[in-house]
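Colleague: Pasting a structure below so you can have a look.
The values are calculated or read from the model by the stated rules, or taken from the named source; none is laboratory data. Remember, predicted model here, so these are calculated numbers, not experimental data. Quick reminder, even Gly has a Cβ in these numbers, built from the backbone with ideal geometry, and neighbours come from all protein chains shown. Accessible surface areas use protein heavy atoms only, side chains included; no ligands, DNA or RNA. Shrake-Rupley method; radii C 1.70, N 1.55, O 1.52, S 1.80 Å.
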Protein chains: 2
Amino acid sequence: MTEWFIGIDLGGTLIRGIRTDGEGNKAARAQCHTLPEEGAEAVLKRMVDIINEVCAGVEMDSVAGIGVGAPGPIDHEGRIHNPPNLPGWPADLSITGALGKLFQPPSFIGNDANLAAMGEHRFGSGRGVDDLIYVTVSTGIGGGIISGGRLLVGGQGYAAEVGHQVLLPGGPICGCGKAGHLEALASGTAIAREARAALESGPTSLILEMAGTVENISAKTVGLAAMEGDPFALELVNRAAMYIGLGLVNLIHILEPSRILIGGGVSKMGDILLDPVRKTVNEQIMSPVYEGIEILPASLGEDVGLLGAVSLVLSELQ
Amino acid sequence: MTEWFIGIDLGGTLIRGIRTDGEGNKAARAQCHTLPEEGAEAVLKRMVDIINEVCAGVEMDSVAGIGVGAPGPIDHEGRIHNPPNLPGWPADLSITGALGKLFQPPSFIGNDANLAAMGEHRFGSGRGVDDLIYVTVSTGIGGGIISGGRLLVGGQGYAAEVGHQVLLPGGPICGCGKAGHLEALASGTAIAREARAALESGPTSLILEMAGTVENISAKTVGLAAMEGDPFALELVNRAAMYIGLGLVNLIHILEPSRILIGGGVSKMGDILLDPVRKTVNEQIMSPVYEGIEILPASLGEDVGLLGAVSLVLSELQ
């Protein structure tokens, strides 16, 4: 009898679920809108529906466990603290506690970026690499750290906020409210903000042509214009890449990973972003012991969170 | 029969050794000058003499193991790579390999700052804290990271270079040759450099009075003048403390320790340094999940490396 694993990705927009075997092969998937504005109980109910949907036609006895990835800081008791994409989420609600009352298989929860690192480690570009950092560059910048084969969680479970390193004291204000963080210098939000500010009155650029209006400019338009060779778009991408590179240098000197994987929406730019990141890293790491650390694109794409949640179950039950 | 543990601290100036029981109680100690200019073989011979000296009068059968702390990046085979305080050290010399040929008990080696973290974790201010960072502020800035109760070593053993985080892109050049590192902004060397540069032509200060000449100014004179209330010395200490605080903020967001210990010569300034460090940390950490992380002085003083080497043996044999 196949043993099944359930992975759930609780996002601000969608709740997604998969059922896989122990090798991560997908046997079923389902999704629905999160609609967080309807409140946590309604969201939890929809999550239960998704679990039931991906388990349709299989015995619950054959389900080894349920893994949930959720945004924001999550403590060891499964409570999410002020998740940015789930406004008003109750601080005392334990998702694993709630699932434990409804389902017989054990359930586990983790921060989505941490689980993405676990997913890439078990099923993706991080296979066989026991010292691994996954960095997601998207609306924000987050990450997960595998150290000595284990997820690095910190004292309460809040480690790996790699986007919240100060790189420029007194620099632009981050989404978290503090100044000069990597996220405020190089996230999709930061790239779009810089582009909008400059193009309000500044240089002509393909970015504006593509976006139509200044308000419409996103990191995606900047990336597309950069791929077309637009000089100002390339300047913006290089600037973000330089800061990402400096952030990786700090992570390398502190954690000495063997490999770093870059995922998230902004990373879809590919080598136009990764090449200048690698250049900064090569120029700024201490030689020679830190040379040769690979910086590669993450490989699990949209499913990284789901496979990460499955990885969490596999790790916890090992 | 008491089981004995040998701890050796291989420094640029002194080789020191202790013999302790499993609780770290010291039964013997010895030291000699390192004289690294006489070459690695001579240094190794002196280390062997120190081991024999602290083992005098006990059966070698009762010695559980020998731990060695050494400066610089050390790989898993016990080779030191370009140690800054042991110029000309051969890259292919394995200290543990050499000791293994001479002594029956197993020997282990680690980077001195990493071992200091292990020492504080087992015997000092880090007891009972499984997520701990030790930072030494001295000529340079180094550190050791305990994560989930284990030393974080990285892929090859080079992790925890906490002084080599970029905090000010394009800032002052560090001892490692790269720009804007914490070490270049807040180490004893950096504090002395700033004081000398300013007092060459600048403000009157008790620092210059205490040092006699500009060339004589050290971080120690700056600290002593600050403790006497000299405004310019306090300004220098506050500036260094601000950067140390920002470096700790980055470590907190990346690693989420429960406690941070500050050791090293510069930390002897005490609260005159630690209070502004704590102020910066309190102002710059993300709230509220990272609040309450303790920043305390390390407690093992001069013996931290020796007790760290003993801790290494205890951990390896556990």
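Colleague: Suppose we filter A:ILE272, A:ILE207, A:ILE254 for residues that are under 20 Å from A:LEU168 (Cβ atoms) and part of a helix (DSSP H, G or I); which single one remains?
Modeller: Numbers: A:ILE272 fails: under 20 Å from A:LEU168 (Cβ atoms); A:ILE207 fails: under 20 Å from A:LEU168 (Cβ atoms).
After ruling out the rest, the residue left standing is A:ILE254.
Colleague: A further question follows. Search the range B:287-318 for residues being charged (D, E, K, R) and not in a helix (DSSP H, G or I), and hand back the single one that is nearest to B:ILE15 (Cα to Cα). Even if it seems obvious, please write down each step before you answer.
Modeller: To start, the set of residues in the range B:287-318 that are charged (D, E, K, R) comprises B:291, B:294, B:302-303, B:316.
If we keep only those that are not in a helix (DSSP H, G or I) as well, we get B:291, B:294.
Working: B:GLU291: 40, B:GLU294: 33 Å.
That would be B:GLU294.
Colleague: Restrict the check to the range B:284-307 and report whether at least one residue is open to solvent by 30 Å² or more (accessible area, probe 1.4 Å), over 27 Å from B:GLY149 (Cα atoms) and either without any contact (Cβ under 8 Å) to a residue 60 or more places away in the chain or not hydrophobic (A, V, I, L, M, F, W, C) (or both).
Modeller: No, that holds for no residue.
Colleague: Does the range B:175-189 hold any residues that are modelled with pLDDT of 95 or more, in contact with a Pro (Cβ under 9 Å, 6 or more places away or on another chain) and either assigned to a loop (DSSP other than H, G, I, E, B) or within 12 Å of chain A (Cβ to nearest Cβ) (or both), and which are they? Break it down into steps so the answer makes sense when it comes.
Modeller: Of the residues in the range B:175-189, the ones modelled with pLDDT of 95 or more are B:178-189.
Keeping just the survivors that are in contact with a Pro (Cβ under 9 Å, 6 or more places away or on another chain) gives B:179-181, B:184-185.
If the condition is that a residue be modelled with pLDDT of 95 or more, in contact with a Pro (Cβ under 9 Å, 6 or more places away or on another chain) and either assigned to a loop (DSSP other than H, G, I, E, B) or within 12 Å of chain A (Cβ to nearest Cβ) (or both), then B:ALA179, B:GLY180, B:HIS181, B:LEU185 are the ones that fit.
Colleague: Now, a different point. Take A:ILE141 and tell me if it is open to solvent by less than 10 Å² (accessible area, probe 1.4 Å), within 14 Å of another protein chain (Cβ to nearest Cβ) and without any contact (Cβ under 8 Å) to a residue 60 or more places away in the chain. Show your work before the answer.
Modeller: Values: open to solvent by less than 10 Å² (accessible area, probe 1.4 Å): yes; within 14 Å of another protein chain (Cβ to nearest Cβ): yes; without any contact (Cβ under 8 Å) to a residue 60 or more places away in the chain: no.
No: the conditions fail for A:ILE141.
Colleague: Within the set of pairs 6 or more residues apart or between chains, which connect a residue that is at pLDDT 95 or above inside the range B:206-231 to a residue that is among the polar types (S, T, N, Q) with Cβ atoms less than 7 Å apart?
Modeller: Once the first residue is at pLDDT 95 or above and sits in the range B:206-231, its partners that are among the polar types (S, T, N, Q) give B:ILE207/B:THR221; B:MET210/B:THR221; B:ALA211/B:THR221; B:ALA225/B:SER205; B:ASP230/B:SER205.
Colleague: For the range B:114-136, indicate whether the set of residues that are within 17 Å of B:LEU251 (Cβ to Cβ), modelled with pLDDT under 95 and within 14 Å of the chain's Cα centre (by Cα) is non-empty.
Modeller: no
Colleague: Residues in the range B:159-172 that are over 26 Å from B:GLY78 (Cα atoms) and open to solvent by less than 10 Å² (accessible area, probe 1.4 Å): how many?
Modeller: Residues of the range B:159-172 over 26 Å from B:GLY78 (Cα atoms): B:166-172.
Keeping just the survivors that are open to solvent by less than 10 Å² (accessible area, probe 1.4 Å) gives B:166-167.
Looking only at that region, the number is 2.
Colleague: Looking at B:GLN156, is it open to solvent by 30 Å² or more (accessible area, probe 1.4 Å) and away from chain A (no Cβ under 13 Å)? Steps first, answer last, please.
Modeller: Working: open to solvent by 30 Å² or more (accessible area, probe 1.4 Å): yes; away from chain A (no Cβ under 13 Å): no.
For B:GLN156, the condition - open to solvent by 30 Å² or more (accessible area, probe 1.4 Å) and away from chain A (no Cβ under 13 Å) - is not met.
Colleague: Considering only the range B:173-218, how many residues are open to solvent by less than 60 Å² (accessible area, probe 1.4 Å) and within 22 Å of the chain's Cα centre (by Cα)?
Modeller: 18
Colleague: Still on this structure, I have one more. Output the number of the condition that B:LEU261 fails; it satisfies all remaining conditions of (1) open to solvent by 10 Å² or more (accessible area, probe 1.4 Å); (2) outside any helix (DSSP H, G or I).
Modeller: Evaluating B:LEU261 over (1) open to solvent by 10 Å² or more (accessible area, probe 1.4 Å); (2) outside any helix (DSSP H, G or I) leaves (1) as the failure.
Colleague: Consider the range A:52-92. How many of its residues are exposed (fewer than 12 other Cβ atoms within 10 Å of the Cβ), touching a helix residue (DSSP H, G or I) at 6+ places or on another chain (Cβ under 8 Å) and not in a loop (DSSP other than H, G, I, E, B)?
Modeller: Residues that pass the stated criteria total 0.
Colleague: Please state which one of A:ALA226, A:ALA233, A:ALA240 is within 14 Å of chain B (Cβ to nearest Cβ), touching a helix residue (DSSP H, G or I) at 6+ places or on another chain (Cβ under 7 Å) and assigned to a helix (DSSP H, G or I). Let's see the steps before the verdict.
Modeller: Values: A:ALA226 fails: within 14 Å of chain B (Cβ to nearest Cβ); A:ALA233 fails: within 14 Å of chain B (Cβ to nearest Cβ).
One residue alone meets the criteria, A:ALA240.
Colleague: Residues of the range B:108-138 being within 13 Å of chain A (Cβ to nearest Cβ), of a type in the set (Gly, Ala, Ser) and surrounded by fewer than 24 Cβ atoms within 10 Å (Cβ to Cβ), which ones?
Modeller: B:GLY128 - this is the single residue of the range B:108-138 that is within 13 Å of chain A (Cβ to nearest Cβ), of a type in the set (Gly, Ala, Ser) and surrounded by fewer than 24 Cβ atoms within 10 Å (Cβ to Cβ).
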